[in-house]
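Before any comments, here is the structure.
The values are calculated or read from the model by the stated rules, or taken from the named source; none is laboratory data. Quick caveat: nothing in here was measured; it's all calculated off a predicted structure. Glycine also receives a Cβ, built like all others from the backbone with ideal geometry; neighbour counts cover every protein chain displayed.
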2 protein chains.
Amino acid sequence: MTFTYPYPHPAVTVDAVVFGFDESDLKVLLIQRSQEPFKDRWALPGGFVEINEDLETAARRELQEETGISRLFLEQLYTFGSPNRDPRERVISVAYYALVKLIDHHIQAASDAMNVAWFPLTDLPPLAFDHEHVLEVACKRLKGKIRYEPIGFELLPEKFPLSELQRLYETVLEKPLDKRNFRKKILSMDFLIDTQEIQQDVAHRAAKLYRFDPQAYQRLRDQGLNFEI
Amino acid sequence: MTFTYPYPHPAVTVDAVVFGFDESDLKVLLIQRSQEPFKDRWALPGGFVEINEDLETAARRELQEETGISRLFLEQLYTFGSPNRDPRERVISVAYYALVKLIDHHIQAASDAMNVAWFPLTDLPPLAFDHEHVLEVACKRLKGKIRYEPIGFELLPEKFPLSELQRLYETVLEKPLDKRNFRKKILSMDFLIDTQEIQQDVAHRAAKLYRFDPQAYQRLRDQGLNFEI
DNA sequence: TCAAAAGTGTTAACCATACACCCATGC
DNA sequence: GCATGGGTGTATGGTTAACACTTTTGA
């Protein structure tokens, strides 16, 4: 079956930059291409948008299909459309970025023939297409957005110690933060709940575990609070 | 001539939300559709992306063709792709927003059969497609971005009094600002140049005219200045 | 001389920053 | 008992916010 149009139409894809955070590393999820073009190169997960499918739905479907990940924070990033991005035909790609809690989401390749893996941002392989550029734009967005919206919690487990939150911010923002000031600030905002639990199996004093309360955040937001780190 | 593909491709358009500022009103540029669908309704300027054309280039071309406006601040806004945005076929629209200096840009309809006009944001006609939604997203972006990037100057004439700049900020942010604090803050940033000229033909004390110096801004930026109103 | 907008400083409250030691735990 | 990270308070300087009157000009 073929589809014909009176004037040429580009293909439209979605690509996703999926970030994960692990101890002290920001990581990104890549899949290894099994076909030309760029066979064997690593690439952002993604694929063609179906003709009756919403863009975000397409991004979620592709992630589910290629990596097994579902139910994650996903937001549109930018649309890339230079004429020669793809050697096969004109392809316009609507890129999304996503944040996942690494421990909750065990990735699985779509098939044995396909590789899926997390790569630290500091040690990436060469990427297919213009995906290095897409990734760069995603990093900038994350770095900008994490400072004034509480999206960092999407990268942490449900319950986390403050030190881990601080490490996350230090990693993303690429600068050290003062421990006392960081705690003072984040706790003063009153949307972290002390779970009354503490770390288990650590070789030092166990830290309290906190939980982000989105309702409380929303309430404070409505009252004019401005989140900022 | 027709174009055929092994699987269906959506059409891709660009749409532009062009903002202008005039005395005390934020305005948006609309064109009246001369054809179905939505014949006679007002809509955002835009049109189909050509098959070998960059997205931003397409947006600029459409603006030039439909309204005569060129050389303006233009930035990608968001990509809208719900399956039923357009009754004819699947259309994915990459929206841009633009800022122009009203007095420099005299608009002209593409043909006598076509209407082009500025509408105050506070008094808009019903719009075609999902353009009301697009416009809303553009307003939010402008409101967010004007606070921490010096894009407001794109809406003012080359030389302007501080009171006009303040009025612009008050209009976009929808809140009054303190005159003394506003002047202190903006002048302390050292990227406004006193042109040594004053207003002409005003029925009161003439104000000094200032000019935004992008080079100075860039220099300060590199030194770590953070613009914020 | 009146109307209309331009221009100008000070104070008090708040917020950001810098900084160092004791505590709890497991090995 | 030591190594590891957890947890805590204060003082200082800078930034923001609130606030009202005089000046200039043209009509």
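A few points about this structure:
- All positions within the stretch B:195-209 that are more than 9 Å from DNA strand C (Cβ to nearest atom) and either among the charged types (D, E, K, R) or exposed (fewer than 10 other Cβ atoms within 10 Å of the Cβ) (or both): B:Q196, B:E197, B:Q200, B:D201
- Any chance A:T79 is crowded, with 21+ Cβ neighbours inside 10 Å and within 13 Å of chain B (Cβ to nearest Cβ): yes
- Test: residue in the stretch B:64-71 that is within 23 Å of A:S82 (Cβ to Cβ) and either buried (at least 16 other Cβ atoms within 10 Å of the Cβ) or of a type in the set (D, E, K, R) (or both): yes
- First in the stretch B:25-41 and under 30 Å from B:L156 (Cα atoms), second anywhere and among the hydroxyl-bearing types (S, T, Y) and not in a strand (DSSP E or B), Cβ under 9 Å, 6 or more apart: B:D25/B:T122; B:D25/B:T171; B:L26/B:T122; B:L26/B:T171; B:L29/B:T67; B:I31/B:T67
- Remark: pairs (first residue in the stretch B:179-201, more than 14 Å from chain A (Cβ to nearest Cβ) and over 20 Å from B:F227 (Cβ atoms); second residue hydroxyl-bearing (S, T, Y) and near DNA strand C (Cβ under 10 Å from one of its atoms); Cβ separation under 9 Å; 6+ apart in sequence or on different chains) = B:T195/B:Y210.
- Residues in the stretch A:57-76 that are facing chain B (nearest Cβ under 10 Å) and either touching a Lys or Arg at 6+ places or on another chain (Cβ under 6 Å) or within 16 Å of A:V100 (Cα to Cα) (or both): 1 in all.
- The residues of the stretch A:125-137 that are surrounded by 15 or more Cβ atoms within 10 Å (Cβ to Cβ) and either of a type in the set (D, E, K, R) or farther than 24 Å from A:R88 by Cβ (or both) amount to a single one, A:D130.
A quick yes/no check of all residues on (1) among the β-branched types (V, I, T); (2) modelled with pLDDT under 95; (3) touching a helix residue (DSSP H, G or I) at 6+ places or on another chain (Cβ under 6 Å):
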residue	(1), (2), (3)
A:P8	no, no, no
A:F19	no, no, no
A:S34	no, yes, no
A:P37	no, no, no
A:G46	no, no, yes
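- Residue in the stretch B:171-188 that is within 11 Å of DNA strand C (Cβ to nearest atom) and either surrounded by 18 or more Cβ atoms within 10 Å (Cβ to Cβ) or aromatic (F, W, Y) (or both) present: yes
- Considering the stretch B:148-229, the qualifying helices (runs of 4 or more DSSP H), each wholly inside and each with 1 or more residues that are closer than 18 Å to B:L102 by Cβ, at pLDDT 95 or above and within 16 Å of DNA strand D (Cβ to nearest atom), run over B:162-173.
- Flag for B:A43 being aliphatic (A, V, I, L, M) and in contact with a Phe, Trp or Tyr (Cβ under 6 Å, 6 or more places away or on another chain): no
- Residues located in the stretch A:52-92, provided they are of a type in the set (A, V, I, L, M, F, W, C), closer than 14 Å to A:V12 by Cβ and out of contact with any Leu (no Cβ under 9 Å at 6 or more places or on another chain): A:L55, A:A58, A:V91
- You will find that of B:L165, B:L156, the residue that is within 16 Å of DNA strand C (Cβ to nearest atom) and under 15 Å from the mean Cα position of the chain (by Cα) is B:L156 and no other.
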